[in-house]
Amino acid sequence: MRSLAGKTLRPLLLCVVAALAGGQGGASGAGAAPGGSSSSGVRSAEARRQPDGTVLVVSPSYQAVIGSDGNLHSFRVGDAELIDDRIDISLGAFLFTDGPRRLQTVTVVDPRVVEATDGVYSIQYVFSRRDVRISIHNEAPRPVPYLMVVSPEARIVSNPETGEAAAVPANELWGHVRFITQSGAYLEVSGGSRIWGPWLGRQVWEVGRIGPGEVARIRLLPGVGEPPAPTLEQLVGVSVNAAAPDALVGEGEPIELQVTVDNRSDRDISGLVSMEVAATRAEQVMYFSADVAAPAKQISATTFRARVNAADFYRARASISVLGKEIATGKAGAGYRVEDIIPSIRRRADFAFFWEQLVTEAHQPAPELSVTAAPSRSPPGVATQLARYTGVGGKTIHGWYLRPTAGGRHPGVLYLSGYGARPITPPAGLATQGYVVLAIDVRGNPVGRPRPRAFEDYSLIGIESPETYVYREIVGHCLRAIQALRGQAEVDEGRIAIVGVSEGGGLALILAALCPEVKAVVAASPMLCDLPLSLRAAGWPYTQIAQHIERRPDQASQVLRTLSYFDAVNFASEVKCPVLLSVGFLDQVSLPSGVYGAYNLLGGSKEIRALPKAGHEGGGEDFWAYSLSWLAKALDVERTQ
């Protein structure tokens, strides 16, 4: 970035910086408050405690929200949101210790000062009319980073000290940055270490290491300037496409990848197109490069061919560099001989006995489902109710129960959502198609009201042994949910299916192996497939476990032993009912190589929807529409259009 910004883009970037310079001193270049009525009439910053435990801060220059967990969840300048807490595990701006840190005690010291602490870490916010000062105290024995997840509304990040700029997300050792939106609203942040991304598509600003006993000091300075001119990074795009149908390549054929450079700028550019192709299971990495001339307002293409031997999925990353600086990237995934992918994981000697014990425990006594009407959540033709039952260990499990109002008996569906998900919503789309649906929170959280922690990490709970691991309890709760569903008068107990997403998809495969009552499974982007591979090559939440092993290498063998009891691969051959899977080739959580490894071992009729351009979303609306049609055929249901 430095060589490009300092030479080719220098005039353009100077225009951007000059246009924004008027806002350097605070609210805006003209001294006016940003748009929006929330700060109307406010002359200084004022922090107000809200009924839900959050703290709303209103200033002429900005509006901020501190959550009941002590973290800065929102920072708005006019109508532009600069901080993002809307994605899984993001709390906006937060300390990160094996996950986002929640500071339970939040005190409004006076209208301008808010303090939050958990006894180990403390954050003090001082609000003024023009800026926010944040002090972070670390009393833990280890260093801790502080992260800020930036909203996608920020389009450009600049370095006020050097004049350099880049399209968001960028990776630079800039601790003092200005995030600029398309409208010209910006947030300048100082006191950090670097910016990096994309992380779930977002830019992250980081204070890298706050050491034991140290205090980090951060300043947030909002403002509004002229809308920024586009950078070359925003005007040049790179895409990668596999030539083979569905990006699946047969034996003896090369993986052919076409790199397209879309130059939407008014100038011709010359550069280097580079390609990296990496295997998922092996340490094999191949590199390719070619010079490229991209005329203004035109699209150019370059083709690379990679010859591979191992049955696996291969990740391709292409980039174009101008004057030595990478300005655009694209990604693709391709599979080679995917029908031959076989995981190496194996069952332990007592695997069957372990699960027989849990199945017996989960069936005694039979659970009773208690329901309470929730008419405001009921679409036409569906009765929606809050539900609860007793899971294993006497724990109360909460969920939604939806049934068609039409009389008679209907097929039943157990719906399972993703890992640590925010409160689940009633899956009315299934109920309107003629299914009785029980959707549960596998951790037992209430679903009809805000819960104390909107998101939770639990992948390490009890991981020391399979008997104590959290997934034993989760599977037990799900086994009892199937019983509760089958016991309802309006349910045809001979037509029970499981629909799962992400973690729910992996659990669906496990449950289908343990429960012959299950007659069909739909699993979108299933997790829990080939866990040793996931620990090595996948993203969060598997990184939680991988980091635990790095910290405690003496526990590595025991952790892997525990995980082997909960790996869907070890259940696949026992799944005899029809199964529909989806897999995104760009999925960094449910790796396509792991999903295909489980799919190849399934013991009954099966279908997999290959989605070359999808990530962990698993196909979105298109797959959902197809899965409804597939499920209706599997359970002999007359669909409602």
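Every number here is computed from the coordinates shown, using simple stated rules; none is lab data. Everything numeric here is computed off the predicted structure, so don't read it as measured data. Positions of Cβ are generated from backbone atoms using ideal geometry, with glycine treated the same way; all protein chains shown enter the neighbour counts.
Before moving on, here are some points about what is shown:
- Whole-number D in µm²/s for segment 280-369 (Stokes-Einstein; Kirkwood sum over Cα pairs; 4 °C, 1.567 mPa s): 69
- Sorting ASP340, ASP291 from the fewest to the most surrounding beta carbons within 10 angstrom yields ASP291, ASP340.
- Among the listed pairs LYS331/LYS613; LYS297/LYS613; LYS519/LYS576; LYS613/LYS633; LYS519/LYS633, those beyond 19 Å (Cα-Cα): LYS297/LYS613; LYS613/LYS633
- Net charge, GLU283 excluded, C-beta distance under 15 Å - Lys, Arg +1, Asp, Glu -1: +1
- Shape descriptor for segment 80-234: Rg over Rh equals 0.97 (Cα atoms; Rh from the Kirkwood inverse mean 1/r).
- For segment 232-340, the average shadow cast by the Cα convex hull is 6.7 nm², which is a quarter of the hull's surface.
- Approximating the spin labels as points 7 Å out from Cα along Cα→Cβ, the GLU361-to-THR329 distance works out to 4.4 nm.
- Short-range pairs are left out: with C-alpha atoms under 8 Å and at least six residues apart, the relative contact order of the chain is 9 percent.
- Values of log10 I(q)/I(0) for segment 326-421 across q = 0.14, 0.23, 0.25 Å⁻¹ run -0.86, -1.32, -1.39, by the Debye formula with one identical scatterer at each alpha carbon and no solvent.
- Peptides 520-529, 346-355 ordered by packing proxy, namely the average of other Cβ atoms within 10 Å per residue, highest first: 520-529, 346-355.
- Kirkwood Rh and Cα Rg combined as Rg over Rh, evaluated for segment 196-294: 1.11
- Each eigenvalue of the Cα gyration tensor of segment 407-450, multiplied by 5 and square-rooted, gives one semi-axis; in descending order these are 22, 10, 9 Å.
- Cross-link reach is defined here as a Cα-Cα straight distance under 14 Å, omitting same-chain residues fewer than 8 places apart; for LYS606 the aspartates and glutamates meeting it are GLU339, GLU574.
- Whole-angstrom Cα spans of segment 351-635 along principal axes, big to small: 57, 41, 36
- Between 0 and 90°, nearest 10: helix 351-362 axis offset from the chain longest Cα axis: 80
- 10 Å-binned pair-distance histogram of segment 109-167 (Cα, whole percent): 16, 32, 34, 17, 0
- Helix axis angle, 542-551 relative to the chain longest principal axis, alpha carbon, degrees: 80
- Solvent-free Debye scattering, log10 I(q)/I(0), computed from the Cα coordinates of the chain at q = 0.07, 0.08 Å⁻¹: -0.52, -0.68
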